[in-house]
1. Take residue 47 and residue 286, extend 7 Å from each Cα along the Cα→Cβ direction, and tell me the distance between the two endpoints in nm.
2. Work out, step by step, the length gained on full extension between residue 185 and residue 18: first 0.36 nm times the residue separation, then minus their alpha carbon distance; give nm to one decimal.
3. Sorted by mean Cβ packing within 10 Å, highest first, what order do the peptides 57-64, 76-83 take?
4. What distance in nm separates the two pseudo spin-label positions at residue 109 and residue 31, each 7 Å out from Cα along the beta-carbon direction?
5. Name the residues whose placed amide hydrogens come within less than 5 Å of the amide hydrogen of residue 113, ignoring near sequence neighbours (fewer than 5 apart) on the same chain.
6. If amide H atoms are built 1.01 Å from N in the plane of the peptide, which residues on other chains or at least 5 residues away come under 5 Å of the amide H of residue 119?
7. For the stretch 36-51, in order, what is each residue's ³J(HN,Hα) by Karplus, 6.51 cos²θ - 1.76 cosθ + 1.60 with θ = phi - 60°, in whole Hz (x at glycine and Pro)?
8. Would you please give the residues with an amide H less than 5 Å from that of residue 11, counting only those at least 5 places away or on a separate chain, with H modeled from the backbone geometry?
Amino acid sequence: MGRTLNYQITKDDNQKFTKKELEHMYNVSTYYNSDDLLKSINTAYKTKLKQIWTCENFFLSPVDYYPNWDSPIIKNMGRDNAWDYVNREYALLEKQGLHYFDIVDNLHKRKLVNYHGGGLKTNEVSSFTKTQGNEFNSMLVLKALVTISKLVPKALIHISDEGEYLLCPLHIKNGKALPLIDEVKKQIEGYAQRLIFAKDSRFNIMGDLKNTEGFSELFARDLGFNNVYGEMDIKFIDEKLRNLRLIEKALITETNLLDKGENMMYHYNIANLSPENWFNPDIFTRKVVVEDFLGYKMSPATLMQGFNGEGFGLTDEDSEKKSYEMLARMNKMLGVNESKSGLQLRILGAE
């Protein structure tokens, strides 16, 4: 579990990616996990970091594979032996100086491996990166995708953020971004619907509707009419409205519309803009002070942010305290009586 940035890359002409385009994605991913990037960050910020990624790393692998269990050579091997065999064959080809794609293609042609997905003949590449509360890592994910969009001009990238680094989901193409405001509107509408059906909400209308009498609780839950989060949805809606306000402000600044005296409805029609008139992706993000995250460590609190859900505002409050409160409630339900210090030790994995 944990806060995730999700991203998908398709081609704007609905064609399959060329091998060169896939290589660009792979090479950018490799760089963002390289010693070169680590050294450049340490030089720029005068740090001695041993790693950049503190939860999951960014790696967009267009070509992923697994042993071909039907291969005459492999089918009688156990899982571990099969992977050992494939890895040995991989290493032999790597020593010949072959690129990753050529190695996997060789193994595939020899029927030693199968592809996850379309392999080298695919029209969509997707993945995700969990960053928890490390917004420097969130920023690196976005920068990597922007770089890919410049190297693969026909790529159309969709990225969304379960956290608060991105103000809204984005389309990215050729280094520029389009804010997907309609997706935010749909989120707000979904929260509002759940709010009026939430059991503990003062806005709940179920009791006023005669046709809900005898409604099965299970059926109501499946319909989304039984929201357990109650008035927490007000907070969600308010956060999304705040983000829309920040997006509008960014667009006004970026386009100087006020100075031109143009109709403000232009903002709502931004989806009609062609990609060359899209915007700098950075204007749709929260400012990241990199220095604040250079010493970022995974703690019990940050681990529990993923369990509680960062969308519930855990990062805006005393996340560690809230984490222990949640664990205490869970233990109470399980009939366990445990001190805060005991909980902390167990989360940390201490004996």
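1. With each label placed 7 Å out from Cα toward Cβ, I get 1.8 nm.
2. 56.6 nm is the gain from fully extending residue 185 to residue 18.
3. 57-64, 76-83
4. 2.9
5. When sequence neighbours closer than 5 places are left aside, the close amide H contacts are 68, 108.
6. Hits under the 5 Å cutoff: 64.
7. Taking θ as phi minus 60°, the curve returns 4, 5, 4, 5, 5, 5, 4, 5, 5, 10, 6, 10, 10, 5, 9, 8 Hz for the stretch 36-51.
8. 156
Values quoted throughout were computed directly from the atomic coordinates according to the rules given, and no laboratory measurement underlies them. Since the model is a prediction, treat every value here as computed from it, not as a measurement. Virtual Cβ from ideal backbone geometry, glycine too; neighbours counted across all protein chains shown.
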